[in-house]
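Enquirer: Handing you a structure now.
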Amino acid sequence: MQDKDLPVGKKNLENLTEQEQQEILKAEEIYRKGLVSIRDIIAPSALQVNPNYLKLGDKFVRTLFVFTYPRFVNTGWFAPVINMNIEADMAMYIQPVESEKILKTLKNKVGQIQSTIAGKQEKGEVRDPMLETALNDVEELRDRLIQGTERFFHFALYITIYEDSEKKLEKTTKEIEDLLGQRLIYSKRAFFQAEQGFNTTTPLGLDELGVMNNFNTSPLSTSFPFVSSELTSDEGILYGINRHNNSLILFDRFTLPNANSVVFATSGAGKSYAVKLEILRSLMFGTEVIVIDPENEYKYLCESVGGTFLKMSLESEYRLNPFDLPSAISGMKTKDIIRSAVINIKGLLRIMLGRLTKEEDALLDRGIIETYAKKDITADSDLSKVEVPTMKDLQEILEGMQGAEEIVPRIKKYTEGTFAGLLNQATNVRIDNPFVVFSIRDLEDELRPIAMYVILNHIWNIVRAQMKKRILVVDEAWWMMQYEESARFMYGIAKRGRKYYLGTTTISQDVNDFLTSDYGKAIVTNSALQLLLKQSPASIDLLKKTFYLTEEEKYLLLESDVGEGIFFAGSKHVAIKIVASYSEDQIITTDPKQLLELEQAKKNYEEEQGGV
């Protein structure tokens, strides 16, 4: 090899004396100590070692190790610990042992047990079932090792917990110990070995504790940590496919503590498609469905199943009177029904009229009560025989009240002005169909929150009057979150609907507007069923915080295709893919191209029928 072929450092060292080489190597070692490595970057600023835990920066750290297992362990026994909502590192060390060495040990063990049993029989002692069971286990393990169907391993399991305080650390430690103890799996804390325990659960792969247990293949396989939840039940509808194991996600939302659900996704991610699929399948099981549709997305579905499609607009024939009273509700007095109606109308007027002073609020309260009284609706009235007032009646009452001069012109906007008609006529809408859709697409943006409030109030009156298994779908619910009154009303329905066999489905693509509202967060909390589809980077951090997502789940939502996401049902959640049959897809599709094709096919069919 020529001199020029050698590495520069080696070539230079060969031309130097041994003393010079040593000096250069020592200088290089000193130089490298001053370089910043990845370990320096990720290392904490301080590490305080205590007998019972470590103080790692601001975190309190403790390591647990499992030291004994029962005779039998079930598959997935470690899943409850893995699924705990805690910050932890878990390490499994599996070391294969040569079967020949173990067979010799087992042979000796068999001899010892047989000798002990024989000695007890000679003395006339009662047989010991524990010894007989141990003998059978050892003999069975020997047979399997010889046949090659089993192998032998040393297995160690360690769990390192991270918490913000020593009190929380104690609480989490106790929870893990209890979870394992319920399965007769016992663990201990790494006393006076906190640092070694921490090192053992780092990705270095160094077992510094060395607490091993003997396992053969079958029980070792039950410790496999990558488990997936199942959401398959005997009743309910098909929501989709479990992306972890391709099992069916069959579920009945009415079996949960409440039947509410929330759906969050970006535009075009398939949220309306998923909800329409649920509606179609729920109708097959006799569940009635009511939808507030802001974009006419449910029209074709409604026509296909013979539902009622109500187009709410200023030019429409359909009208809802906000002064309507619910039918007689069991256990509710007339004065309570009137009081509830007054409160709801005041909430509507706050949205319609904007900011009100305390004096104006009091005037409206008195004015609404007098408006009902004008139509002989009082605590002693028979509500089944009365004629309810309209917004025009309230205007006339306020015109005769001192101090209402600034309120009346604002109300006239809805009785005589631009928005006249929508809220100023008797109700002519009937909800007597299993599937009813209220379309608000043709309403001006300013009127949408108002219309949604009135529609929800009308639906709520019907729900309370007659208990049935119903689902209420509110699409683009972020409109309701824009005003405190409408957000509070929406939350009230979500919270109280369970008592009337009602499940509310809240859909929103504007996650930030929805979740930054206190009532929006409360609706999510009161929804036992949750569906998250593809998300935008702008909203993913808020969702992660709200739904306690892991980093993996966060990136799953960012990278999901259309119709893919995470399905939450109570304490369980799985990755889901929404699937529909060809016939279902033709009915519920929201793809504009497919909709145009369907519209053209329908037009061609009608022309052919006309020609015949």
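The values are calculated or read from the model by the stated rules, or taken from the named source; none is laboratory data. Note that the coordinates shown come from a computational prediction; the quantities given were computed from them, not determined experimentally. Virtual Cβ from ideal backbone geometry, glycine too; neighbours counted across all protein chains shown.
Enquirer: Yes or no: Ser267 at negative phi and assigned by TED's automatic domain parsing to the domain that holds Tyr491?
Expert: Values: at negative phi: yes; assigned by TED's automatic domain parsing to the domain that holds Tyr491: yes.
Yes; evaluated as a whole, the condition is true for this residue.
Enquirer: Scan the range 241-252 and report the pairs whose first residue is in contact (Cβ under 8 Å) with a residue 40 or more places away in the chain and buried (at least 16 other Cβ atoms within 10 Å of the Cβ) and whose second residue is part of a loop (DSSP other than H, G, I, E, B) and of a type in the set (D, E, K, R), with Cβ atoms within less than 8 Å and a gap of 6+ or a chain change.
Expert: Asn242/Glu230
Enquirer: Out of the residues in the range 225-249 meeting the condition of being more than 16 Å from the chain's Cα centre (by Cα) and under 13 Å from Lys572 (Cβ atoms), tell me which one is modelled with the highest pLDDT.
Expert: Here the residue is Ser247.
Enquirer: Can I ask one more? Out of the residues in the range 531-557 that are closer than 15 Å to Asp513 by Cβ and polar (S, T, N, Q), state the one that is surrounded by the fewest Cβ atoms within 10 Å (Cβ to Cβ).
Expert: Per the criteria, the residue is Ser536.
Enquirer: Another question, if that's okay. If I filter the range 137-184 down to residues being hydroxyl-bearing (Ser, Thr, Tyr) and touching a strand residue (DSSP E or B) at 6+ places or on another chain (Cβ under 7 Å), which single residue comes out as surrounded by the fewest Cβ atoms within 10 Å (Cβ to Cβ)? Reasoning before the result, please.
Expert: Taking the range 137-184 as the starting set, the residues that turn out to be hydroxyl-bearing (Ser, Thr, Tyr) are 149, 158, 160, 162, 165, 172-173.
Now restrict to residues that are touching a strand residue (DSSP E or B) at 6+ places or on another chain (Cβ under 7 Å): 158, 160, 162, 165, 172-173.
On the way: Tyr158: 23, Thr160: 24, Tyr162: 20, Ser165: 11, Thr172: 20, Thr173: 19.
Filtering the range 137-184 for residues that are hydroxyl-bearing (Ser, Thr, Tyr) and touching a strand residue (DSSP E or B) at 6+ places or on another chain (Cβ under 7 Å), the one surrounded by the fewest Cβ atoms within 10 Å (Cβ to Cβ) comes out as Ser165.
Enquirer: If you don't mind, there's one more thing I want to ask. Which members of the range 145-166 meet the condition of being over 19 Å from Phe78 (Cβ atoms) and modelled with pLDDT of 85 or more? Walk me through how you get there before you give the answer.
Expert: As a first pass, look at the range 145-166 and keep what is over 19 Å from Phe78 (Cβ atoms): 145-152, 163-166.
Passing the criteria: Glu163, Asp164, Ser165, Glu166.
Enquirer: Please enumerate the residues belonging to the range 50-107 that are of a type in the set (Gly, Ala, Ser) and either closer than 18 Å to Phe153 by Cβ or in contact with a His (Cβ under 9 Å, 6 or more places away or on another chain) (or both). Talk me through it step by step, then tell me what you get.
Expert: Let us first name the residues in the range 50-107 that are of a type in the set (Gly, Ala, Ser), namely 57, 76, 79, 88, 91, 99.
Hits for the range 50-107 are Ala91, Ser99.
Enquirer: Would you mind finding the one in Leu103, Leu25 that is out of contact with any Gly (no Cβ under 7 Å at 6 or more places or on another chain), surrounded by 10 or more Cβ atoms within 10 Å (Cβ to Cβ) and not assigned by TED's automatic domain parsing to the domain that holds Ile159?
Expert: One residue alone meets the criteria, Leu25.
Enquirer: Here is a follow-up. So, Lys593, is that one surrounded by fewer than 17 Cβ atoms within 10 Å (Cβ to Cβ), charged (D, E, K, R), touching a residue at least 60 places away in the same chain (Cβ under 8 Å) and out of contact with any helix residue (DSSP H, G or I) (no Cβ under 9 Å at 6 or more places or on another chain) or not? Can you show your working first?
Expert: Numbers: surrounded by fewer than 17 Cβ atoms within 10 Å (Cβ to Cβ): yes; charged (D, E, K, R): yes; touching a residue at least 60 places away in the same chain (Cβ under 8 Å): no; out of contact with any helix residue (DSSP H, G or I) (no Cβ under 9 Å at 6 or more places or on another chain): yes.
Against the criterion (surrounded by fewer than 17 Cβ atoms within 10 Å (Cβ to Cβ), charged (D, E, K, R), touching a residue at least 60 places away in the same chain (Cβ under 8 Å) and out of contact with any helix residue (DSSP H, G or I) (no Cβ under 9 Å at 6 or more places or on another chain)), Lys593 does not qualify.
For every residue, the table says whether it meets (1) touching a helix residue (DSSP H, G or I) at 6+ places or on another chain (Cβ under 6 Å); (2) crowded, with 17+ Cβ neighbours inside 10 Å; (3) not assigned by TED's automatic domain parsing to the domain that holds Met284.
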| site | (1), (2), (3) |
| --- | --- |
| Val386 | no, no, yes |
| Gly400 | no, no, yes |
| Asp432 | no, no, no |
| Ile455 | no, yes, no |
| Ile462 | no, yes, no |
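Enquirer: Just give me the residues in the range 542-571 being touching a Lys or Arg at 6+ places or on another chain (Cβ under 9 Å) and part of a loop (DSSP other than H, G, I, E, B), in sequence order.
Expert: Thr550, Ser560, Asp561, Val562, Gly563
Enquirer: Shifting gears a bit: Is the range 256-271 home to any residue that is free of Cβ contacts under 8 Å to residues at least 24 places away in the same chain, more than 30 Å from Ile102 (Cα to Cα) and either outside any helix (DSSP H, G or I) or among the aliphatic types (A, V, I, L, M) (or both)?
Expert: At the first step, the residues of the range 256-271 found to be free of Cβ contacts under 8 Å to residues at least 24 places away in the same chain are none.
No: zero hits.
Enquirer: Please go through the range 130-154 and give me each residue that is touching a Ser or Thr at 6+ places or on another chain (Cβ under 7 Å), within 30 Å of Asn199 (Cβ to Cβ) and either among the acidic types (Asp, Glu) or not in a loop (DSSP other than H, G, I, E, B) (or both), ordered by number. Let's see the steps before the verdict.
Expert: Here is the first cut: in the range 130-154, the residues touching a Ser or Thr at 6+ places or on another chain (Cβ under 7 Å) are 131, 145, 150-152.
Remaining after also requiring within 30 Å of Asn199 (Cβ to Cβ): 151-152.
Selection gives Phe152 alone.
Enquirer: Which residues, taken from the range 84-120, are without any contact (Cβ under 8 Å) to a residue 60 or more places away in the chain, touching a Phe, Trp or Tyr at 6+ places or on another chain (Cβ under 7 Å) and not small (Gly, Ala, Ser)?
Expert: So the first thing to find is which residues in the range 84-120 are without any contact (Cβ under 8 Å) to a residue 60 or more places away in the chain, and the list is 96-120.
Still in the list and also touching a Phe, Trp or Tyr at 6+ places or on another chain (Cβ under 7 Å): 96-97, 99, 102.
Correct list: Pro96, Val97, Ile102.
Enquirer: If you don't mind, another one. Read through the list (1) loosely packed, with under 13 Cβ neighbours inside 10 Å; (2) out of contact with any Lys or Arg (no Cβ under 8 Å at 6 or more places or on another chain); (3) under 27 Å from Phe67 (Cα atoms); (4) of a type outside the set (Asp, Glu), then give the number of the only condition that Ala134 fails.
Expert: It fails just one condition, (1).
Enquirer: Confirm whether Arg355 is modelled with pLDDT of 90 or more and out of contact with any Asp or Glu (no Cβ under 9 Å at 6 or more places or on another chain).
Expert: On the way: modelled with pLDDT of 90 or more: no; out of contact with any Asp or Glu (no Cβ under 9 Å at 6 or more places or on another chain): yes.
When the stated conditions are applied, Arg355 does not pass them.
Enquirer: Out of everything in the range 558-575 that is modelled with pLDDT of 90 or more and within 12 Å of the chain's Cα centre (by Cα), what residue ends up being surrounded by the most Cβ atoms within 10 Å (Cβ to Cβ)?
Expert: Looking at residues that are modelled with pLDDT of 90 or more and within 12 Å of the chain's Cα centre (by Cα), I get Gly565.
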